[in-house]
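Engineer: One structure, pasted below without further comment.
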Amino acid sequence: MISIIIAEDQRLLRGALASLLNLEDDIEVVGQAGNGEEALALIASIQPDVCLMDIEMPLVSGLDVAEALKAQASPCRVIILTTFARPGYFERAIKAGVHGYLLKDEPSDKLAEAIRRVMEGHREVSPELIFGSAREENTLSSREREIIKLAAFGQTASEIALSLHLSHGTVRNYISEMLNKLEVKGRIEAVRLAEEKGWI
């Protein structure tokens, strides 16, 4: 029996997925999570074979969970279910070692088959997501990504400087460079654009 946790913040969709997958003879949904933090806790306590996970969830995203599981060398296989064909998301998912990257509107029998194939050691990716994720190079350096992530949490340049042990002037220079690269006028616009591209 393949044990599964579903992590999805939309309760109706989560319940529907669980009901459909529980109809399969060899699949059992053993837990459900409404956000990434709950998913990590459930995976640690239940140790399922597979976690079906949405990307955009409150508190901790599906990609953050996948990266955490990879860092822990968890045996739980991650299948991302998404409606987004964003290049940055696909790139992060591959780096995080996810076993599946599938569209949310796949028919349930296709999803069940993908789960079985993942358990056999295959990787499953919806073709539409590959083509929709035609690679758009992330132009931000790792330091710039750190700074824009902190800006996304509402930190000021002074707070970012303190967090990263940099001078205020250095942070301002990084921010100025980022705005030029992203061709935007302000930090809020830069954060929004980087999030849309899946770069942070």
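Engineer: Name the residue that is nearest to L102 (Cα to Cα), counting only residues in region 127-142 that are part of a helix (DSSP H, G or I) and either open to solvent by less than 70 Å² (accessible area, probe 1.4 Å) or at pLDDT 90 or above (or both).
Structural biologist: Among those that are part of a helix (DSSP H, G or I) and either open to solvent by less than 70 Å² (accessible area, probe 1.4 Å) or at pLDDT 90 or above (or both), it is L129.
Engineer: Given the criterion out of contact with any helix residue (DSSP H, G or I) (no Cβ under 6 Å at 6 or more places or on another chain), among the acidic types (D, E), part of a helix (DSSP H, G or I) and exposed (fewer than 15 other Cβ atoms within 10 Å of the Cβ), identify the matching residue among E146, E113, E195.
Structural biologist: E113
Engineer: Looking at the structure I just gave you, is D25 of a type in the set (D, E), over 12 Å from the mean Cα position of the chain (by Cα) and surrounded by fewer than 20 Cβ atoms within 10 Å (Cβ to Cβ)?
Structural biologist: yes
Engineer: Go through region 28-57 and count every residue that is in a loop (DSSP other than H, G, I, E, B), open to solvent by less than 60 Å² (accessible area, probe 1.4 Å) and out of contact with any strand residue (DSSP E or B) (no Cβ under 6 Å at 6 or more places or on another chain).
Structural biologist: 3
Engineer: Which is in contact (Cβ under 8 Å) with a residue 40 or more places away in the chain and over 22 Å from H122 (Cβ atoms), of P48, P58?
Structural biologist: Within the list P48, P58, the selection yields P58.
Engineer: Among all residue pairs at least 6 apart or on different chains, which show Cβ distances below 6 Å where the first residue, located in region 100-117, is more than 15 Å from R77 (Cβ to Cβ) and the second is at pLDDT below 85 and open to solvent by 50 Å² or more (accessible area, probe 1.4 Å)?
Structural biologist: Close Cβ pairs satisfying both conditions: K104/T83.
The values are calculated or read from the model by the stated rules, or taken from the named source; none is laboratory data. If you're wondering where the values come from, they're calculated on a predicted model, not measured in any experiment. Quick reminder, even Gly has a Cβ in these numbers, built from the backbone with ideal geometry, and neighbours come from all protein chains shown. Accessible surface areas use protein heavy atoms only, side chains included; no ligands, DNA or RNA. Shrake-Rupley method; radii C 1.70, N 1.55, O 1.52, S 1.80 Å.
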